[in-house]
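As structure tokens, the structure follows; a few thoughts come after it.
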Amino acid sequence: MDKAQMSARRPGREARRGSDDPRDRHRAILETAARVICERGYEGASIQDIAEACGLTKAGLYHHIRSKEHLLLEIQNYGMDVFEEQVLNQVLPIADPLERLKACMEKNILLVTHGWSKEVTIILHEHATLTGDARAQINARKKRYVKFLETSFAEAVRDGQVRPVNPTVAAFAFLGMVLWIYKWFRPEGAIDAPTLVREMQDLFFGSLEASLPPPPRKPARAGVKRKHT
């Protein structure tokens with residue numbers, strides 16, 4: 001295992017070592033806190049647990065955060081930043097709606113199957129924990145993704161690339177298929193991430209893509225006489 005893999009698997013160690021850049025230090029705290037919350041759940045992870053994982057005292061941790069709920073909000077915003085950078089912004093420029101959707105599924109799967117992407121997992125698992133304005137803020141960012149999927153499916157239907165489906169149903173079917181992966185996928189298991197991408201794309205889009213029209217009939221050759229019986 002190389003150093004990059006080790007630090008990806010042990011973000012707490014990275015947080016303890018820190019960085020001269022305060023932004024890097026803050027990101028390391030968010031990643032470590034995300035790991036702890038993923039392992040123990042939001043209610044089960046105390047501020048003391050998070051502080052120890054970061055190599056800080058409780059007072060030292062509160063120097064970087066306002067409260068536990070605000071920490072969760074920051075983690076979820078950071079997770080959405082990661083998602084938008086690595087998935088949504090990468091596929092938005094793709095003109096072909098079907099190729100855009102397939103690329104989106106691939107990048108989304110690869111993101112949630114990375115062992116370090118705990119911030120994305122928390123968005124899925126702790127979606128109802130935030131309250132008030134904090135929840136509204138994260139939900140607004142999530143709705144941007146849903147709207148992107150609905151628009152892409154509507155374009156694919158309009159262009160005859162997929163059979164007529166309700167874009168909202170298709171969008172949430174897509175999300176339900178992809179976002180459940182974190183519950184069962186294991187990086188050390190028999191299915192690797194690239195194989196998972198191929199299998200899920202085939203399962204989802206294989207039944208959705210419009211059938212090709214039959215080839216046109218060749219005209220009868222001139223001069224061929226029918227045989228009379």
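The values are calculated or read from the model by the stated rules, or taken from the named source; none is laboratory data. It should be emphasised that the depicted structure is a prediction, and the values quoted were computed from it without experimental measurement. Quick reminder, even Gly has a Cβ in these numbers, built from the backbone with ideal geometry, and neighbours come from all protein chains shown. What goes into the accessible areas is simple: the full protein's heavy atoms, side chains included, and nothing from ligands, DNA or RNA. Shrake-Rupley method; radii C 1.70, N 1.55, O 1.52, S 1.80 Å.
Residues being touching a residue at least 24 places away in the same chain (Cβ under 8 Å), assigned to a helix (DSSP H, G or I) and either polar (S, T, N, Q) or touching a Lys or Arg at 6+ places or on another chain (Cβ under 7 Å) (or both): count how many of those fall in region 131-150.
Of all residues in region 131-150, those touching a residue at least 24 places away in the same chain (Cβ under 8 Å) come to 131, 134, 137-138, 141-142, 144-146, 148-149.
Imposing the further condition that a residue be assigned to a helix (DSSP H, G or I) reduces the set to 134, 137-138, 141-142, 144-146, 148-149.
Subsequent filtering for residues that are either polar (S, T, N, Q) or touching a Lys or Arg at 6+ places or on another chain (Cβ under 7 Å) (or both) retains 137.
Residues meeting the conditions: 1.
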Lone qualifier among Arg217, Arg221, Arg226, Arg186 - being under 18 Å from Lys107 (Cα atoms), at pLDDT below 95 and outside any helix (DSSP H, G or I) = Arg186
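Being aromatic (Phe, Trp, Tyr) and under 17 Å from Ile94 (Cβ atoms) is the filter here, so list the residues in region 133-186 that pass it. Let's see the steps before the verdict.
Taking region 133-186 as the starting set, the residues that turn out to be aromatic (Phe, Trp, Tyr) are 145, 148, 153, 172, 174, 180, 182, 184-185.
Residues satisfying the conditions are Tyr145, Phe148, Phe153, Phe174.
Gly132: closer than 20 Å to Tyr42 by Cβ, surrounded by fewer than 18 Cβ atoms within 10 Å (Cβ to Cβ), modelled with pLDDT of 90 or more and out of contact with any Pro (no Cβ under 7 Å at 6 or more places or on another chain), yes or no?
Values: closer than 20 Å to Tyr42 by Cβ: yes; surrounded by fewer than 18 Cβ atoms within 10 Å (Cβ to Cβ): yes; modelled with pLDDT of 90 or more: yes; out of contact with any Pro (no Cβ under 7 Å at 6 or more places or on another chain): yes.
Yes.
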Checked against (1) open to solvent by less than 50 Å² (accessible area, probe 1.4 Å); (2) touching a residue at least 60 places away in the same chain (Cβ under 8 Å); (3) not polar (S, T, N, Q), Val157 satisfies every condition except (2)
